[in-house]
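Everything on this sheet refers to the single structure shown next.
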Amino acid sequence: MGDAPLTLTPIPAFDDNYLWLLDNGREALVVDPGDATPVAAALDARGLTLAGILLTHHHGDHVGGVDALRPRLQGPVYGPVHERLPEPVQRLQGGDRVTLLGLQFEVLDLPGHTAGHIAYYAAEVPGDDPLLFCGDTLFSAGCGRLFEGTPAQMHASLQSLAALPSGTRVCCAHEYTLSNLRFAREVDPDNAVLADYAAWCEARRAAGLPTLPARLGTETRINPFLRCAEPALQAAARRHAPLKLPAAPSPVDVFATLREWKNGFR
Ligand code: ZN
Ligand code: FE
């Protein structure tokens, strides 16, 4: 039973969302089903029952399909304690644990994109690397916008993710990688690992393939928003905002500067 191999599938939705499906050949869970239609189609095509839904935050592109999936749902909808969500929801906060498909997920509090945003982390995945469903907090080569949180909160949230094992498979909710990479290369132009990764991502997208899941050990080397204590990123932030930043800006100052810079970057 519990040891059937698990299959991880990013279901494309809207312009650039991924609705992550994890299944053991019989049962599935889905993360952030903003749209029910492609989820139902994937479940039907593979004869899967829906054992649970995991929600990371309240935005419509993450919760919009929940009610339409309820008739086929055989388990709970889990979601963050402090957000308005389609009821009923089993509420979770940092440190809580949920078991689905025989996997134990730890809940991480990640304020910043929204005030109550959470992630789901499975440290032990039989025969495979750890799994992280992090919604709109960490993207490959980027991070979520600060709609409800402060730079200090988002920086701390991202640092808590950066501390997870380097092999962790990072299941972000959007395929923003190529546009994030344009900004990352602007702010960190001498990073050879970043240049190699950008070439790999461009080839993946040209072949119609997702760049995700990302590897955490790659992100800590290429993602500027995880590297705000690095001299190269400090220097880039100071070049961008010389009057605002002290000679030795703190990582949170660097983060705030990069985030604002990227908001206006085209
Ligand atoms: Zn969002
Ligand atoms: Fe989103």
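The values are calculated or read from the model by the stated rules, or taken from the named source; none is laboratory data. These figures come from a predicted structure and were not determined experimentally. Note that we place each Cβ from the backbone using ideal geometry, even for glycine, and neighbour counts take in every protein chain shown.
Out of the residues in the stretch 69-101 meeting the condition of being farther than 28 Å from ALA41 by Cα and small (Gly, Ala, Ser), tell me which one is surrounded by the fewest Cβ atoms within 10 Å (Cβ to Cβ).
Ranking the qualifying residues of the stretch 69-101, first place goes to GLY95.
Checking ASP190 against (1) touching a Phe, Trp or Tyr at 6+ places or on another chain (Cβ under 6 Å); (2) among the charged types (D, E, K, R); (3) part of a loop (DSSP other than H, G, I, E, B): exactly one of these is not met. Which one?
(1)
Can you name every residue in the stretch 184-214 that is touching a residue at least 60 places away in the same chain (Cβ under 8 Å) and under 18 Å from the mean Cα position of the chain (by Cα)?
Hits for the stretch 184-214 are CYS201, PRO210, THR211, LEU212, PRO213, ALA214.
Can GLY116 be described as within 16 Å of ligand 1 (Cβ to nearest atom), within 25 Å of PHE14 (Cβ to Cβ) and surrounded by 20 or more Cβ atoms within 10 Å (Cβ to Cβ)? Steps first, please.
Numbers: within 16 Å of ligand 1 (Cβ to nearest atom): yes; within 25 Å of PHE14 (Cβ to Cβ): yes; surrounded by 20 or more Cβ atoms within 10 Å (Cβ to Cβ): yes.
Taking the combined requirement at face value, the residue satisfies it.
Show the residue pairs meeting these rules: Cβ distance below 8 Å; 6+ apart or different chains; first residue within the stretch 54-69 and within 10 Å of PRO80 (Cβ to Cβ); second residue aliphatic (A, V, I, L, M) and near ligand 1 (Cβ under 8 Å from one of its atoms).
THR56/ALA173
Which residue, of GLU260, GLU186, GLU230, GLU219, is closer than 24 Å to LEU131 by Cβ, modelled with pLDDT of 95 or more and of a type outside the set (A, V, I, L, M)? Explain how you work it out, then say what you get.
Details: GLU260 fails: closer than 24 Å to LEU131 by Cβ; GLU186 fails: closer than 24 Å to LEU131 by Cβ; GLU230 fails: closer than 24 Å to LEU131 by Cβ.
It is GLU219.
Pick from the stretch 119-139 the residues that are within 16 Å of ligand 1 (Cβ to nearest atom) and not hydrophobic (A, V, I, L, M, F, W, C): which of them is nearest to PHE255 (Cα to Cα)?
Here is the first cut: in the stretch 119-139, the residues within 16 Å of ligand 1 (Cβ to nearest atom) are 119-120, 133-139.
Among the residues that remain, those that are also not hydrophobic (A, V, I, L, M, F, W, C) are: 120, 135-137.
Working: TYR120: 24, GLY135: 19, ASP136: 16, THR137: 14 Å.
Top of the filtered list is THR137.
Test each condition in (1) buried (at least 20 other Cβ atoms within 10 Å of the Cβ); (2) closer than 26 Å to THR211 by Cβ for GLY52 and report the one that comes out false.
The failed condition is (2).
Considering only the stretch 229-251, state which residues are of a type in the set (A, V, I, L, M, F, W, C), outside any loop (DSSP other than H, G, I, E, B) and either crowded, with 18+ Cβ neighbours inside 10 Å or touching a Phe, Trp or Tyr at 6+ places or on another chain (Cβ under 9 Å) (or both).
Within the stretch 229-251, LEU233, ALA236, ALA237 meet the criteria.
Restricting attention to the stretch 1-34, and to residues there that are of a type in the set (Gly, Ala, Ser) and away from ligand 1 (no atom under 16 Å from the Cβ), which single residue is surrounded by the most Cβ atoms within 10 Å (Cβ to Cβ)? Lay out the reasoning, then the answer.
Start the filter on the stretch 1-34 by keeping residues that are of a type in the set (Gly, Ala, Ser), which leaves 2, 4, 13, 25, 28, 34.
Subsequent filtering for residues that are away from ligand 1 (no atom under 16 Å from the Cβ) retains 2, 4, 25, 28.
Details: GLY2: 9, ALA4: 14, GLY25: 12, ALA28: 24.
Checking each candidate, the answer is ALA28.
Give the residues of the stretch 35-61 that are of a type in the set (A, V, I, L, M) and away from ligand 1 (no atom under 16 Å from the Cβ), sorted by residue number. Break it down stepwise before answering.
So the first thing to find is which residues in the stretch 35-61 are of a type in the set (A, V, I, L, M), and the list is 36, 39-43, 45, 48, 50-51, 53-55.
ALA36, VAL39, ALA40, ALA41, ALA42, LEU43, ALA45, LEU48, LEU50, ALA51, ILE53 - these are the residues of the stretch 35-61 that are of a type in the set (A, V, I, L, M) and away from ligand 1 (no atom under 16 Å from the Cβ).
What are the residues in the stretch 166-183 that are away from ligand 2 (no atom under 16 Å from the Cβ), within 26 Å of HIS62 (Cα to Cα) and in contact with a helix residue (DSSP H, G or I) (Cβ under 7 Å, 6 or more places away or on another chain), if any?
From the stretch 166-183, those away from ligand 2 (no atom under 16 Å from the Cβ) are 166-169, 178, 181-183; that's our starting set.
Add one more test, that the residue is within 26 Å of HIS62 (Cα to Cα), and what stays is 167-169, 178, 181-183.
GLY167, THR168, LEU178, LEU181, PHE183, listed by residue number.
Just checking, does the stretch 130-144 include any residue being surrounded by fewer than 21 Cβ atoms within 10 Å (Cβ to Cβ) and either out of contact with any helix residue (DSSP H, G or I) (no Cβ under 9 Å at 6 or more places or on another chain) or of a type in the set (S, T, N, Q) (or both)? It would help to see each step written out before you state the result.
The initial filter retains those residues of the stretch 130-144 that are surrounded by fewer than 21 Cβ atoms within 10 Å (Cβ to Cβ), namely 130.
From what's left, either out of contact with any helix residue (DSSP H, G or I) (no Cβ under 9 Å at 6 or more places or on another chain) or of a type in the set (S, T, N, Q) (or both): none.
The answer is no; no qualifying residue exists.
Please go through the stretch 146-160 and give me each residue that is more than 16 Å from ligand 1 (Cβ to nearest atom) and either buried (at least 24 other Cβ atoms within 10 Å of the Cβ) or part of a helix (DSSP H, G or I) (or both), ordered by number.
Kept after step one, since they are more than 16 Å from ligand 1 (Cβ to nearest atom), are these residues of the stretch 146-160: 150-152, 155-156, 159-160.
Selection gives PRO151, ALA152, HIS155, ALA156, GLN159, SER160.
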